[in-house]
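Reviewing the structure listed below.
The values are calculated or read from the model by the stated rules, or taken from the named source; none is laboratory data. What you see is a predicted model, and the numbers here were worked out from it, not measured in a lab. Every residue, glycine as well, gets a Cβ built from its backbone with ideal geometry; the counts of neighbours run over all protein chains shown. The area values use the complete protein model at the heavy-atom level, side chains included, leaving out ligands, DNA and RNA. Shrake-Rupley method; radii C 1.70, N 1.55, O 1.52, S 1.80 Å.
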Amino acid sequence: MIQVEHLTKLYGSKTAIADVSFSLEKGEVLAFLGPNGAGKTTTMRILTASLPATSGSAKIAGYDCFDQPKEVKRLIGYLPEIPPLYTEMTVTEYLTFVGRIKGIEPERLPVALDQVLERMSLSEVRGRLIANLSRGFKQRVGLAQALIHDPPILILDEPTVGLDPKQIIEIRQLIRDLAGARTIILSTHILPEATAVAKRVVIINDGRIVAEDTQEQLSARLRRSEKVSLTLKRSTPDVRERLLALPGVLSVRQEGHTFLVETELGRDLREDLGRVAVQNDWGLLELKLVAMTLEDVFLRLTQHEEGMETQP
Amino acid sequence: MSPVGAIVRKELRSYFVSPVAYVVASVFLLLTGLLSFLAIATASNRSMQLLRVQGSLPELNLNEFVFRPVFYNMAVILLLVVPILTMRLFAEEKKLKTMELLVTSPVTITDIVVGKFVAALTVFAGMLALSAVAPVALAPFAEFRWPPILTAYLGILLMGGLFLSAGLLGSSLTENQIIAVILSFGALLLFWLFGWAGQVFAGTALGKVLSYLSPLDHFDQLVKGLVATKDLVYFVAGIVFTLFLTHRVIESQRWR
Ligand SMILES: Nc1ncnc2c1ncn2[C@@H]1O[C@H](COP(=O)(O)OP(=O)(O)OP(=O)(O)O)[C@@H](O)[C@H]1O
Ligand SMILES: [Mg+2]
């Protein structure tokens, strides 16, 4: 459904993406994971046929994104990073306009409008000005805009950015519901989000694909260990040795009064660690599991996978 | 609905929702109204003087002494208000990132440019139609010839169209509406002054070119009631060329 081959884009002399290749079958959901400035938006804009690539090719359902933009645009629903909303319009007025420029027949438009309002749970705010909607509702209007012409392909650029946790869960659920018949690409810089909604994850950093895998294999590769952070009030010089003596502890790193304890995968040692701290009267202040950050992911991928698919 | 139609409707809607169009139209109508009044007052003063000197009431040529100055002054007002009518058209779409919606939809940049131009021209034509109240109201009480008034209105419409296309170009160059106004106003004033410069260099090739480029002479012909193909071609070609430039600007911004 989507084929991207050796895509490169330069902004002036600055390389935004270099030699990006991946492909997607019909019905697949792919997450594009990368930190700020990685090139996610650039890749997505090329796929929407609104930004020409410097070299390489991108094809959507066999249509070339550069040579056949009109066909490509008909097949795609795109939610940009900042939802493109005319805030002085009501939800209905806005979606009607979008429906018209997406080429929906006038007879079909009311039906399409009702369907998308229903699907995005926007029916009760349909007459409200977009300017007065909450951030979460605005994001839904943005999604509705991408969906109104019922496109087989959805491209969503950081669809949950700036939302509160409840809204994030709702939007993720909406995206999962939309999968199935549709082919979806979404971008994010949050690892759990990528694994929560997508079966496949492409990790991109500094314009290059660092890793591409299914969600299960990626998490397996990444989660060889878990980390616990332990903050103590009175750290004695023997803390390190005593922690390392615990079964299941792989390494201990000290940063001031905080100890980062790396443990074997699947063993939650928080209870043991807490007990040791209390028994020794170290003055336990904090004890928590540390989630793997995107930096950890990149470090890990580039350190352990050298020579596999890390370097181009 | 055609893509152009959809864009025209959307733009017309925003004109009627925002206060800008109403303020511009009110100022334009107020000033043209005042101008018409002043022109009539001046003309009647003059005929009073003639009455005193000659002892008989002369036939006053309304076309020449009332309408023509009004049209010239109207043109000056347009120079000032048209860029305000167009400043929003692209600048705001870029600022709010809604341009992204348009360029990822199956509409062409030509559709977008033409749609926005047609909408602005429609609002402008509406404004002109309202200003036509003056001659219509005068008609039962005074004698004047309609044809030069109609050709003058054609001239105002064409020149307004040219100004609107320049305003659209200014708006396409920036996402700041104030800068859009300044750019458009500067460009219009420059072409306006070409007319003057043309007189300074009269007789030379440069003078001819400058006078040709300025809309003033072409407009003048139409106000005098003379409809010549070359003047119509000037305006239509000018509008098409400026819209083409706007298209190129928007197209080139896609690459960055
Ligand atoms: N119009 C532009 N002109 C010049 N450089 C640009 C432009 N747009 C993006 N870049 C640069 O290209 C690189 C990739 O940007 P891109 O927006 O694709 O990243 P991203 O992964 O979407 O980042 P973010 O998470 O911040 O949205 C960045 O270094 C960015 O600074
Ligand atoms: Mg981005």
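Summary table
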| item | result |
| --- | --- |
| Restricting the stretch A:90-194 to GluC sites (Glu not before Pro) in coil, as DSSP defines it, with at most 11 other Cβ within 10 Å | A:Glu107 |
| For the protein assembly as shown, share of DSSP beta bridges that run antiparallel, in % to the nearest 5 | 70 percent |
| The stretch A:117-128 - phi-based ³J(HN,Hα) in whole Hz, Karplus 6.51/-1.76/1.60, Gly and Pro as x | 5, 4, 4, 8, 6, 10, 4, 6, 10, 4, x, 7 |
| GluC sites (Glu not before Pro) lying in DSSP loop within the stretch B:79-188, provided at most 14 other Cβ fall within 10 Å | B:Glu143 |
| Shielding score for B:103-116, defined as the mean number of other chain Cβ atoms within 10 Å | 5 |
| Distance histogram for the stretch B:93-135 (every C-alpha pair counted, 5 angstrom bins, percent rounded to whole numbers) | 5, 19, 17, 18, 13, 9, 8, 6, 4, 1 |
| Between helix A:270-279 and chain A: long-axis angle, C-alpha atoms, 0 to 90°, nearest 10 | 30 degrees |
| Proximal lysines relative to B:Lys208, as straight alpha-carbon distance under 16 Å, when same-chain residues fewer than 8 apart are discounted | B:Lys230 |
| Size of the A/B contact, given as accessible area buried on both chains, probe 1.4 Å, in Å² | 2600 Å² |
| Rounded if a/c under 1.5, otherwise prolate or oblate - the protein assembly as shown, Cα gyration tensor axes | prolate |
| Helix B:146-172 axis, angle to chain B major axis (alpha carbon atoms, nearest 10°) | 30 degrees |
| Chain A - percent of accessible surface contributed by carbon and sulfur, probe 1.4 Å | 51 percent |
| Expected 222 nm ellipticity per residue - DSSP helices of 4 or more, -39500 (n - 2.57), all of chain B, to 500 | -27000 deg cm²/dmol |
| Charge sum, other residues only, whose C-beta stays under 10 Å from A:Leu174's C-beta, Lys/Arg counted +1 and Asp/Glu -1 | +2 |
| Tilt relative to chain B, helix B:177-200 - C-alpha long axis, 0 to 90 degrees, to 10 | 50 degrees |
| Of B:Leu162, B:Leu226, B:Leu51, the one that fluctuates the most in a GNM where chain B has Cα springs shorter than 10 Å | B:Leu51 |
| Bins of 10 Å from zero: percent of alpha-carbon pairs in the stretch A:2-220 | 8, 34, 36, 18, 3, 0 |
| For chain B: accessible area per residue (Å², 1.4 Å) | 48 Å² |
| All lysines inside 18 Å of B:Lys116 as judged from Cα atoms, apart from same-chain residues fewer than 8 positions distant | A:Lys102, B:Lys10, B:Lys94, B:Lys95, B:Lys97 |
| Calculated diffusion of the stretch B:51-197, Stokes-Einstein form, Kirkwood radius summed over Cα pairs, 20 °C and 1.002 mPa s, µm²/s | 122 µm²/s |
| Antiparallel bridges, percent of DSSP beta bridges restricted to chain A (to nearest 5) | 70 percent |
| Coordinate range along principal axes, alpha carbons of the stretch A:224-290, Å, largest first | 31, 21, 18 |
| Pairwise Cα inverse-distance average, inverted: Kirkwood Rh of chain B (Å) | 19.7 Å |
| Helix-only CD estimate at 222 nm, as mean residue ellipticity for chain A, using -39500 (n - 2.57) per DSSP H run (n ≥ 4) | -10000 deg cm²/dmol |
| Placed amide H near A:Ile76: partners under 5 Å, 5+ positions off or other chain | none |
